[in-house]
Amino acid sequence: MTGRSQLVVLGAKEPRQRIWESIRMLAKGFSAHDIARRCAQKPKEINQYLRALVKAGIIKLIDTPSGKEGRVFALARDEGADHPRLDSKGQRTYAHLATENIWRTLRILSGDLTVEDVLHTAAVGNAVLSIVKVRQYMNALAEAGYLEKTHVGGRVADTYRLVRTKNTGPRPPEIRQLDSLQVYDPNLSKLVYVKTTGSIDGDRSLVEPGIALIRSRDLLSEWLALAEEQKGKFSADLVERTRLELAEPGESGGLQ
């Protein structure tokens with residue numbers, strides 16, 4: 001695979017996506033340490049994913065030169081740009097399909113839609129959906145300004161319509177609910193909405209550090225882009241440390 005151009009997922013990425021892209025680049029032979037150096041993810045996360053990939057037959061062990069820590073793997077089956085979603089047993093997981101299908105339905109269908117309309121269209125393939133999950137996701141999108149409610153109350157079911165300017169791209173906005181409602185848009189690579197609930201102190205401890213981190217990452221991204229434009233004028237070590245700092249923590253939201 002060396003020398004071939006490869007498709008990669010754009011925007012913010014969770015740890016397993018970064019690990020997978022490194023595996024594809026080093027397809028013919030790599031260790032957990034090689035992956036860590038390339039994608040700057042935690043060793044525990046890397047080893048867990050490598051074990052799952054081996055069980056799924058997607059990568060294979062080809063050498064054990066110095067025991068467990070020196071194990072060398074190779075890519076046995078390239079499944080494309082998106083990382084294989086697996087549990088600890090190497091079995092496929094489909095939880096991500098819920099929000100993907102809802103978001104795709106909202107983008108494709110026009111006019112006013114009820115929760116039941118969206119459920120009927122989105123509940124296809126391996127996606128596991130319920131009326132409660134669909135309503136939860138749509139109400140969160142409405143609160144964040146992505147959907148507008150076109151009918152509220154009475155005996156007629158509420159209807160929703162996707163705001164034209166909020167059709168930001170194919171990846172579904174993520175709902176992150178801690179002690180607050182947070183909506184993260186991976187198409188824009190930023191937190192687009194935060195609403196605090198519960199105690200003020202409790203919310204600040206969770207929300208404010210997250211917002212500060214996103215602002216810091218935006219600044220670091222701008223600095224790194226400038227460094228890449230001015231090649232040779234910046235310390236290589238400083239650039240590499242910035243890349244490591246930009247490694248995504250990978251907290252992905254979704255339906256609870």
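Here are the numbers:
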{"item": "Likely footprinting exposure, 82, 117, fewest C-beta neighbours within 10 Å first", "result": "82, 117"}
{"item": "Gyration tensor (alpha-carbon) shape descriptor, segment 95-170, a/c threshold 1.5", "result": "oblate"}
{"item": "Given 149/190; 60/190; 89/166; 60/133; 28/190, the pairs whose alpha carbons are separated by over 29 Å", "result": "60/190; 89/166; 60/133; 28/190"}
{"item": "Computed lengthening from residue 72 to residue 190, 0.36 nm per intervening residue step minus Cα-Cα distance", "result": "38.9 nm"}
{"item": "Net dipole in debye of segment 15-75 [+1 Lys, Arg Cβ; -1 Asp, Glu Cβ; about Cα centre; nearest 20]", "result": "140"}
{"item": "Förster radius 25 Å - calculated FRET efficiency between residue 223 and residue 33, Cβ distance, rounded to 0.05", "result": "0.35"}
{"item": "Computed FRET value (nearest 0.05) for residue 104 with residue 55, which takes r as the C-beta separation and R₀ as 25 Å", "result": "0.25"}
{"item": "Stretchable slack from residue 149 to residue 82, in nm (0.36 nm times residue separation minus alpha-carbon distance)", "result": "20.8 nm"}
{"item": "Efficiency of FRET between residue 136 and residue 116 - r from beta-carbon atoms, R0 22 angstrom, step 0.05", "result": "0.95"}
{"item": "Inter-probe distance in nm under a simple model that places probes 7 Å from Cα toward Cβ, at residue 89 and residue 124", "result": "2.9"}
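Just so you know, all these numbers are worked out from the coordinates, no wet-lab data involved. Quantities reported herein were computed from a predicted structural model and do not represent experimental measurements. For neighbour counting, all protein chains shown are included, and Cβ atoms are generated from backbone atoms with ideal geometry for every residue, glycine included.
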